[in-house]
Amino acid sequence: MIKAGIIGATGYAGGELVKILMGHRDVKIVWYGSKSYTGQPYGDVFQNFFKIVDGACLDDDLERLAGEADVIFTATPQGYLASVLNEKILSQAKVIDLSADYRIKDVSVYEKWYGMTHKSPQFIEEAVYGLCEKNRQQIQNARLIANPGCYPTCTFLSIYPLAKEGYLDMKTLIVDAKSGTSGAGRGARVPNLYCEVNENIKAYGVTTHRHTPEIEEQLSYAAGEPVTINFTPHLVPMNRGILITAYASLKKEAGYEELKAVYDRYYKDEYFVRVLKENVCPETRWVEGSNFVDVNFRIDPRTNRVIMMGAMDNLVKGAAGQAVQNMNLMFGLEENEGLRMAPLFP
């Protein structure tokens, strides 16, 4: 059995990790880390785990945890892992970080967008960006994984095939994104209160959202050229889900069958990426509670643009599910082990 520890187990992503790992046949959770709830039974913090999880919350002593676990998941705020990670920890346990601390290779870009000094830049180059559909081989041999952000995952998988194959004028790329409120975390903040969110939709982080450089970096690798985008996220009154609608001009004339063949070629062997049938638009309700990403596209011949769309659950494929997918690869397990749950509907 793989012994797993979770730091940040009482956040939304942490709770999702617990749920997934509880159903994983090869994993035993040995540490429910939560500085805010240390000593309290985990089933009292999340009542859905009452009489399912017996353990109590422990502190965030990463060095002690590294001696007890084979893999550590850190579902923590930006800056936490970078401030405590050291060679001793990495020599004892594999680490999968759900924050942005090691996603961006240029430390100056990270520090600019996140407004903090990176405390352990020596590990940035080693960290593998944990998008399994793109970096599968590197993930298998990694000891430190930078689990991708939710918006970047959905955006990248929606755009990647056409960007990689040179169909898009990347200078024209615009990404419109919408997310449920769990993406903002569990912390108590006025903008996330029920009365503030319900019956409302709003843009936020306009021109400044921290996932922008992550998306640009990964799309630059795909396109083979520097990519700068307009990325605008919106908050919608639902618990879970992300919907991406991306627009770009085509560099050359192409029809539906040609572009569909590109998507099918890239994703035909990808269990978690579902290329939908013609004219079927992705919807968050058809991926909720699952690790699936639904993608599709439409060509607008009138404007010579292609509209690329994607939908996924921000807490699963956008966080905890992708982290477990990475863990499976790192330990030589079937990639979809513990993640075969069908989307929840209604």
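The values are calculated or read from the model by the stated rules, or taken from the named source; none is laboratory data. From a predicted model like this one, the values you see are computed outputs, not experimental measurements. When we count neighbours, we look across all protein chains shown, and the Cβ atoms used for this are built from the backbone with ideal geometry, even at glycine.
Miscellaneous remarks
- Residues in region 257-269 include none that are part of a loop (DSSP other than H, G, I, E, B), in contact (Cβ under 8 Å) with a residue 40 or more places away in the chain, over 12 Å from LEU162 (Cα atoms) and not acidic (Asp, Glu).
- Enumeration of residues in region 25-73 that are polar (S, T, N, Q), over 23 Å from ARG340 (Cα atoms) and outside any loop (DSSP other than H, G, I, E, B): GLN47
- Complete set of residues in region 108-129 that are buried (at least 16 other Cβ atoms within 10 Å of the Cβ) and touching a Pro at 6+ places or on another chain (Cβ under 6 Å): TRP113
- Residue count for region 228-264 under the criterion of being of a type in the set (Lys, Arg) and in contact with a Ser or Thr (Cβ under 8 Å, 6 or more places away or on another chain): the result is 1.
- Options LYS252, LYS277: the member that is closer than 23 Å to THR228 by Cβ, of a type in the set (D, E, K, R), assigned by TED's automatic domain parsing to the domain that holds GLY180 and in a loop (DSSP other than H, G, I, E, B): LYS252
- In region 82-104, the residues that are over 17 Å from the mean Cα position of the chain (by Cα) and closer than 26 Å to THR208 by Cα: ALA82, SER83
- Of all residues in region 307-333 being part of a helix (DSSP H, G or I) and polar (S, T, N, Q), the one that is nearest to LYS251 (Cα to Cα): GLN322
- The set of residues from region 201-249 being of a type in the set (D, E, K, R) and not in a strand (DSSP E or B) comprises ARG210, GLU214, GLU216, GLU217, GLU225, ARG240.
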